[in-house]
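What follows is calculated from the coordinates using simple rules that are stated; it is not laboratory data. Just so we're clear, the structure is a prediction, and the values are computed from it rather than from any experiment. Virtual Cβ from ideal backbone geometry, glycine too; neighbours counted across all protein chains shown.
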Amino acid sequence: MLFLKKHLMNEVKILLPESEIPTHWYNIQADMPNKPLPPLHPGTKQPVGPQDLAPLFPMELIKQEVSQEPFIEIPDEVRDIYRQWRPSPLFRARRLEKALDTPAKIYYKYEGVSPSGSHKTNTAVAQAYYNKQEGVKKITTETGAGQWGTALSIACQMFGIECDVYMVRISFNQKPYRKALMNAFGATVYSSPTNRTQAGRNILASDPDTAGSLGIAISEAIEMAVQDEHTKYALGSVLNHVLTHQTIIGQECLKQMEMAGDFPDIIIAPLGGGSNFAGISFPFVADKINGADIDIIPVEPSSCPTMTRAPFGYDHGDTAQMTPLLAMHSLGHNFVPAPIHAGGLRYHGVAPLISHVIRQKLATPRSIDQLECYAAAVQWARTEGFIPAPETSHAIAAAIQEAKKAKEEGKEKVILFNWSGHGLLDLIGYDKYFNGQLTNYSLPQEEIDAATEIMKKYPKPA
Ligand SMILES: Cc1ncc(COP(=O)(O)O)c(C=O)c1O
């Protein structure tokens, strides 16, 4: 295309027309030299089959979960809804570059433009669509910070499906406006753990003051879904099909970087379960597999160091052990992370596909403390002018680290990172930061050892 060939000189925003919304999602499984280990049935310890997952997900999504095709066509109805916010802009952070006096070029993919304010809407719309195709009436889900719950609420609304959201208690209390937003989009929101489920009642009986966790909220949402044939469950991260849907981000970036006349040396994204990291990086991981020299850096909080300190093994995706056993880096399914404000990064596991990418040395994870992330977010707000979500601030902090390193080394590095969502409903965290009420939480090794002990009883991955 002619416009793609044009190299831009001083632009801040690199924009694609609607006609350039990708027509397919990219499935990295097709290009992986070694295949990831399959999920196991918790009873038989054999690989799960499509019928095991059928009570939870529509069959089209199950097919995508195991697909080995490199590209999966995006249905017209989904692309049509994507047009509400896609293609999202790629920005050049010229004002931050100037403030840092760095020779590095910093690009960020701005996913805050979606109706829910983050990348999560990219998969929410796709998942709601396939559920609608199968006649599903209600979808249950969990949410941490509220971004995923918000995304699924609006997606369900667009397809006329009811939506019940189990929101981790700490976030439910910290972020009351998220609940109002989900209600505005037509969803019902519960503070998890609840008394509505056996999983919730068990946790409340043993720890009435629990902060809650994504693992617990997932158990509750699954329990409610399996009880009713017209209800299914949706997950906002971790699973292969969710990661695949997010690759629309990286595919747009490939075109936008070409328009800018640059190619990234470094790609960065925050990582909770792994979906936005996969979204921006997987289309470039394909290049890396073929020899491109790119540093790919997923960033997690030091208080929930799943990728950087947790063992790789089989573990459940939820606390009540209802999900299959997944081969992943995990802090143990009972692990309840410290109540940091990046609620979406408080997950005990990492997507199996990303655990695999890390083990293949295609990505190099990093952990950063909460206070450094807030300092980076504030520097960002005062230069670039947008308020990042606390999750997003992890990528900003890493981008700043890399830009400073480029300055020390006198190298003109090209940094691309995913600006996964805005923080306009997370201002309470900023308020606490300014009042000196936030701390770093470092996790003692004994706590990791104790939390991961439970994984020793599961099959050992080869
Ligand atoms: C804004 C934002 N960024 C990042 C994440 C991390 O999730 P994932 O790793 O699935 O992208 C979340 C999760 O809620 C989020 O809300």
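Annotations for the structure displayed:
- Sparsely packed chymotrypsin sites (Phe, Trp or Tyr not before Pro) within segment 413-448, loop by DSSP, other Cβ within 10 Å at most 16: Tyr441
- Spin-label model, Lys460/Ile289: points 7 Å from Cα along the beta carbon direction are separated by 2.9 nm.
- The angle separating the long axis of helix 370-383 from the principal Cα axis of greatest extent in the chain is about 40 degrees.
- Segment 237-366: radius of gyration over Cα atoms, expressed as a fraction of 2.2 N^0.38 Å: 1.06
- Under the convention that each Lys and Arg Cβ holds +1 and each Asp and Glu Cβ holds -1, the size of the dipole of the chain around its Cα centre is about 480 debye.
- Each residue of segment 188-195 is assigned a 3J(HN,Hα), and the resulting list reads 9, 10, 10, 7, 9, x, 10, 8 Hz, derived from the Karplus form 6.51 cos²θ - 1.76 cosθ + 1.60 (θ = phi - 60°), x at Gly and Pro.
- For the chain, the longest site-free run once trypsin sites (Lys or Arg not before Pro) in DSSP loop states with at most 15 other Cβ atoms within 10 Å are removed: 197-360
- Formal net charge of residues neighbouring Ala451 (Cβ-Cβ distance under 13 Å; K, R +1; D, E -1): -3
- Counting DSSP beta bridges with both ends in the chain, the antiparallel % (nearest 5): 35
- Within segment 119-240: Cβ-based charge dipole about Cα centre, in debye rounded to nearest 20 (Lys, Arg +1; Asp, Glu -1): 340
- In plain terms, if you count all Cα to Cα distances in segment 374-462 and split them into 10 Å steps from zero, the share in each step is 14, 31, 24, 23, 8, 0 percent.
- Vicinal HN-Hα couplings computed from phi for segment 450-462 (Karplus, 6.51 cos²θ - 1.76 cosθ + 1.60; Hz; Gly/Pro x): 5, 5, 9, 3, 4, 6, 5, 7, 8, x, 8, x, 5
- With 10 Å bins from 0: P(r) over segment 111-172, alpha-carbon pairs, percent: 25, 53, 21, 1
- Measuring from each cysteine beta-carbon in the chain, the ones with no other cysteine beta-carbon under 4.7 angstrom are Cys253, Cys304, Cys373.
- Among the GluC sites (Glu not before Pro) in segment 100-204, those located in a DSSP loop and surrounded by at most 16 other Cβ atoms within 10 Å of their own Cβ are Glu134.
- 16 Å cut-off, amide nitrogen to a point 7 angstrom out along Asp31 Cα→Cβ, residues in segment 273-316: 277-297
- Report summary: the helix-based calculation at 222 nm, which adds -39500 (n - 2.57) for every DSSP H run with n ≥ 4 and divides by the residues of the chain, gives -12000 deg cm²/dmol.
- Summarised as an ellipsoid, segment 284-424 has semi-axes of 27, 21, 12 Å, derived from the eigenvalues of the Cα gyration tensor scaled by 5 and square-rooted, with the largest first.
- Electrostatic dipole magnitude of segment 1-129 [Cβ: Lys, Arg +1; Asp, Glu -1; Cα centre; debye, to 20]: 700
- For Gly317, distant residues with modelled amide H under 5 Å away: Thr323, Leu326
- Convex hull volume of the C-alpha atoms in the chain, normalised per residue: 135 Å³.
- Quick note on segment 58-160: its Rg to Rh ratio, both from C-alpha atoms and Rh being the Kirkwood radius, is 1.09.
- Calculated P(r) of segment 40-103 - Cα pairs past 13 Å, %: 77
- Karplus 3J(HN,Hα) series, Hz, for segment 123-136 with 6.51 cos²θ - 1.76 cosθ + 1.60 (x for Gly, Pro): 8, 4, 5, 5, 5, 4, 4, 5, 5, 4, 4, 8, x, 5
- For segment 119-240, the spread of Cα coordinates along the three principal axes comes to 41, 30, 26 Å, biggest extent given first.
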